[in-house]
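Here's the structure, in structure tokens; my notes come after.
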Amino acid sequence: MRVAPVGGTAVQDHVALAEIELCGELIIAASAARERLSLESIDKVLKVAEERERVTGH
């Protein structure tokens, strides 16, 4: 059996970390909701409008 070396060898994938964070936010929102999240609610949790504005400037 091979064991991963300890310390200093971790590679950070910033895109994957961001996706994990967004999934966590969705899980938290879904667990707090009394009903299924609407598409609008999901967009709000994921800050879709804010990101669109940041990218397009509108």
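Numerical summary
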| item | result |
| --- | --- |
| Failed condition for E35, given (1) at pLDDT below 90; (2) exposed (fewer than 10 other Cβ atoms within 10 Å of the Cβ) | (1) |
| Matching residues, the range 38-57, being open to solvent by 70 Å² or more (accessible area, probe 1.4 Å) and of a type in the set (V, I, T) | V55, T56 |
| E40 being in a helix (DSSP H, G or I), at pLDDT 85 or above and of a type in the set (D, E) | yes |
| Out of A49, A4, A16, sole residue that is at pLDDT below 95 and in a loop (DSSP other than H, G, I, E, B) | A4 |
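The values are calculated or read from the model by the stated rules, or taken from the named source; none is laboratory data. All of these numbers come straight from a predicted model, not from anything done at the bench. Ideal geometry is used to build each Cβ from the backbone, glycine not excepted, and the neighbour counts take in all protein chains shown. What goes into the accessible areas is simple: the full protein's heavy atoms, side chains included, and nothing from ligands, DNA or RNA. Shrake-Rupley method; radii C 1.70, N 1.55, O 1.52, S 1.80 Å.
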